[in-house]
Amino acid sequence: MVISAPGKMFLVTCLLFAMCVALFFTVVTMKKNERMLQWENFMRRGQSRLTESGATNHWYFVVRDLDKIKAISEVRNIERATRLEQTATGFVVQGLDYEIVFDRVSAPPSEPEDYALSLVKRRLYRWDAKPRNYDDKG
């Protein structure tokens, strides 16, 4: 059986389309697995209240209050690009577009120190800000 030139072009086009679809699903699967691994590592960081050396694990409090943080803010992707900064009153979690403040709560001497969520601040982008002369008329 002889395949004509238009038939060959059709087969090549179908083959390229199938390869593109396979490549797309491969990339999506890899991204999903990468995101899942990042999330599992983030949750594992906050698994215990104290580290092996006996120091306070601040990530424990972030993971513990994760539902509160999500409920009162629009913070997404909390597990990436974060760093902890200890302050005199507690600690601050800083990300690319948010800041979460935890304050130290007094605890009995026999208990490990405790922290409470006090502020979640999302970065205000230019498109979120309303002009100063904004009124109900627009």
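The table below gives the values:
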{"read-out": "Per-region count, segment 69-118, residues farther than 18 Å from residue 55 by Cα, open to solvent by 70 Å² or more (accessible area, probe 1.4 Å), in contact with a strand residue (DSSP E or B) (Cβ under 8 Å, 6 or more places away or on another chain) and not acidic (Asp, Glu)", "value": "1"}
{"read-out": "Counted residues, segment 92-138 - those being among the polar types (S, T, N, Q) and either within 18 Å of the chain's Cα centre (by Cα) or modelled with pLDDT under 70 (or both)", "value": "2"}
{"read-out": "Yes/no for residue 8 being closer than 19 Å to residue 119 by Cα, open to solvent by 100 Å² or more (accessible area, probe 1.4 Å) and part of a helix (DSSP H, G or I)", "value": "no"}
{"read-out": "Yes/no for residue 62 being modelled with pLDDT of 90 or more and under 14 Å from the mean Cα position of the chain (by Cα)", "value": "yes"}
{"read-out": "In segment 19-52, the residues that are open to solvent by 70 Å² or more (accessible area, probe 1.4 Å), modelled with pLDDT under 90 and assigned to a loop (DSSP other than H, G, I, E, B)", "value": "52"}
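The values are calculated or read from the model by the stated rules, or taken from the named source; none is laboratory data. Just so it is clear, the model here is predicted, and its values are computed rather than measured. In this analysis, Cβ positions are derived from the backbone assuming ideal geometry, glycine residues included, and neighbour counts consider all displayed protein chains. Surface areas here come from the heavy atoms of the whole protein model, side chains and all, with no ligands, DNA or RNA. Shrake-Rupley method; radii C 1.70, N 1.55, O 1.52, S 1.80 Å.
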